[in-house]
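Inspection log for the structure reproduced underneath, given as structure tokens.
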Amino acid sequence: MNEEDLLKRARQLPATIEPARDLWPGIASRLARPSAHPPVRLWLALAASVVALVGGWLALRSSGPSWRVATLAGRPTVGTRPLGARGALRVGDELVTDGASRARVAVGTIGAVDVEPNTRLRLLATQANDQRLALDVGTISAQVDAPPHIFFVETPAGVAADLGCAYTLTVDSAGHGVIHVTAGYVEFAAQGRRSIVSLGSWAETRPGVGPGIPYVSDAPAALRDALARFDFAAGGSRAATTVLAAARPEDATSLWHLLQRVDPAVRARVYERLAQFAPPPAGVTRAAVLRLDAAALDAWWTPIRRAAWRREILKDLKR
């Protein structure tokens with residue numbers, strides 16, 4: 001097994017592993033016995049030291065105090081310094097590209113972020129379980145291969161949490177954002193709202209409001225416009241009704257999100273429309289969904305997202 005394989009497997013381990021019961025009292029009593037064999041005690045101590053050293057090495061190797069950054073075009077700057085061909089981005093540093101510059105940031109050992117022209121990006125954290133950037137303005141394209149909720153990008157209108165994916169994220173001068181996911185899933189959250197943006201989907205976000213409802217790339221214009229009114233212009237039940245009229249089976253992911261945001265008086269209509277396109281799985285009841293039971297919603301989401309993923313893969317194969 002090479003080093004990269006070892007690191008990839010180590011990152012997939014849970015943060016903590018708890019035994020079924022406290023094992024230390026028994027171990028301590030055995031070590032304290034005069035009859036305990038010195039070699040056994042020596043090997044136990046040595047094993048503990050090796051575990052500590054390897055754990056520390058993996059943490060340092062997978063995070064580190066800085067990330068590598070390379071110039072792709074023009075003359076990006078880190079702080080006030082021209083970047084040159086290659087350099088380092090440290091926590092607190094700001095990477096800026098002008099209209100003719102592009103750069104690539106290595107996200108530790110788990111992926112890379114391409115920084116497009118006219119972008120301002122900051123490195124916030126490099127811990128093994130929290131690798132975090134802030135996109136103040138501009139466009140980035142990220143591709144990350146890591147367990148969920150390791151890599152984050154903060155924007156003025158919400159936080160994008162990687163769920164194992166590739167995506168493009170743009171923030172304009174007013175802090176408005178739009179994300180397009182090209183592989184996997186991204187969770188966008190702010191202001192008590194949460195949107196799960198899947199392969200082939202888009203979502204917009206606004207400061208003080210949070211993320212809007214995601215929609216697929218070929219969603220009807222009437223549906224996209226109605227979602228924008230619902231999310232960002234207080235469109236309410238009227239906009240929701242337009243969404244229901246324009247929705248197709250391909251728009252089930254949008255309806256699943258809408259279900260959780262409409263007024264209770266409209267929720268049953270959204271449920272019926274979504275159930276036409278994607279019948280709820282066994283065990284998911286209408287009553288549980290209408291009261292927004294988290295377990296029921298999550299169970300329904302699984303077949304909805306899988307069907308959406310299959311459609312996008314088939315679309316790609318036909319191109």
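The values are calculated or read from the model by the stated rules, or taken from the named source; none is laboratory data. Just so you know, these numbers come straight off a predicted model, no measurement behind them. Neighbour counts are summed over all protein chains in view; Cβ atoms, including those assigned to glycine, are modelled from backbone coordinates with ideal geometry. All accessible areas refer to the heavy atoms of the entire protein, side chains included, with ligands and DNA or RNA removed. Shrake-Rupley method; radii C 1.70, N 1.55, O 1.52, S 1.80 Å.
So here's what we get for this one:
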| item | result |
| --- | --- |
| Helices (runs of 4 or more DSSP H) lying entirely in region 215-310 (those with 1 or more residues that are small (G, A, S), open to solvent by 20 Å² or more (accessible area, probe 1.4 Å) and over 26 Å from I179 (Cα atoms)) | 264-277, 286-290 |
| Residue that is modelled with the highest pLDDT [pool: residues in region 126-154 that are in a loop (DSSP other than H, G, I, E, B) and open to solvent by less than 30 Å² (accessible area, probe 1.4 Å)] | I150 |
| Answer residue from region 179-209, given it is small (G, A, S) and surrounded by 19 or more Cβ atoms within 10 Å (Cβ to Cβ) and is farthest from T242 (Cα to Cα) among those | G184 |
| Single unsatisfied condition, K315 versus (1) modelled with pLDDT of 95 or more; (2) open to solvent by 40 Å² or more (accessible area, probe 1.4 Å); (3) of a type in the set (K, R); (4) in a helix (DSSP H, G or I) | (1) |
